[in-house]
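Q: Sharing a structure with you now.
The values are calculated or read from the model by the stated rules, or taken from the named source; none is laboratory data. Remember, it's a predicted structure, so these values are computed and weren't measured experimentally. Glycine gets a Cβ as well: all are built from the backbone with ideal geometry, and neighbour counts include every protein chain shown.
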Amino acid sequence: MSDRAVEPDAHGGADARIVAATLQLLRDRGPAGVNVEAVAAASGVAKTTIYRRYEDREALLAAAIDAATTEVTLPSGLSTYDTLHWLLGAGRERVQEIVGRGTVAAILMGDEGPFTDQLRLMIRMRSHQLVAFLDEAVARGDLRAGLDVKLVVSVLLGSAVGHVIRGGEPDEEWADRLLTLLWPALTPPD
């Protein structure tokens, strides 16, 4: 693709196309498949335009992840079970729509040094909402007193990753089966 593909202001959505192409490459190929040339080809935005906006590949990856990971608003009026189910669905969608299998594999393998570290930090920061929700549910008595909330979060994340490793995509049925299995261990004894 020539550097004349799309000039910076010719189509006001150059930034959105750059981010969308970067995220698609991440989903399909993992972070190793993302470079300025690939993003230019996938987005139709000139390499010079991309370089004017992003210093290097790492800045491009960081910007795409930051743009795609917004805080979610918990629905109100749901039971603890239904809210947890909703959170599992939101987390599943983020993995499928934002980072994909390639990036999950890079995180597990520790590939891509600084980028992998950034993703791990983002996951820890973004999981604070789930931790806070579980802590509040324990305080209300909806969940078992003394529950190791961080372990529960790790089990939930690990289940999703394990499902992907086994060749499936976590779906609504996966969330139902997971909560059916875990709910008795999470709730106070009768």
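Q: Check off (1) in contact with an Asp or Glu (Cβ under 6 Å, 6 or more places away or on another chain); (2) assigned by TED's automatic domain parsing to the domain that holds ALA90 for SER79 and give me the number that stays unchecked.
A: Exception for SER79: condition (1).
Q: Which helices (runs of 4 or more DSSP H) does the stretch 1-69 wholly contain that include 2 or more residues that are at pLDDT below 85?
A: It comes to 14-29, 57-68.
Q: Further, regarding this structure: Return yes when LEU147 is surrounded by 15 or more Cβ atoms within 10 Å (Cβ to Cβ) and part of a loop (DSSP other than H, G, I, E, B) and no when it is not.
A: For LEU147, the condition - surrounded by 15 or more Cβ atoms within 10 Å (Cβ to Cβ) and part of a loop (DSSP other than H, G, I, E, B) - is met.
Q: Please go through (1) modelled with pLDDT of 85 or more; (2) on the phi > 0 side of the Ramachandran plot; (3) in contact with a Lys or Arg (Cβ under 8 Å, 6 or more places away or on another chain) for VAL138 and return the number of the only condition it doesn't satisfy.
A: (2)
Q: Hey, among ALA21, ALA68, which residue is in contact (Cβ under 8 Å) with a residue 24 or more places away in the chain, under 21 Å from ASP117 (Cβ atoms) and under 17 Å from the mean Cα position of the chain (by Cα)? Walk me through it before giving the result.
A: Working: ALA21 fails: under 21 Å from ASP117 (Cβ atoms).
Checking each option against the conditions leaves just ALA68.
One line per residue, one yes/no per condition, for (1) over 20 Å from THR73 (Cα atoms); (2) small (Gly, Ala, Ser); (3) assigned to a helix (DSSP H, G or I):
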position	(1), (2), (3)
PHE115	yes, no, yes
ARG120	yes, no, yes
ALA132	no, yes, yes
SER154	yes, yes, yes
VAL161	yes, no, yes
GLY168	yes, yes, no
THR180	yes, no, yes
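Q: Considering (1) surrounded by 14 or more Cβ atoms within 10 Å (Cβ to Cβ); (2) in a helix (DSSP H, G or I), say which one VAL72 fails and leave the rest.
A: All conditions pass for VAL72, except number (2).
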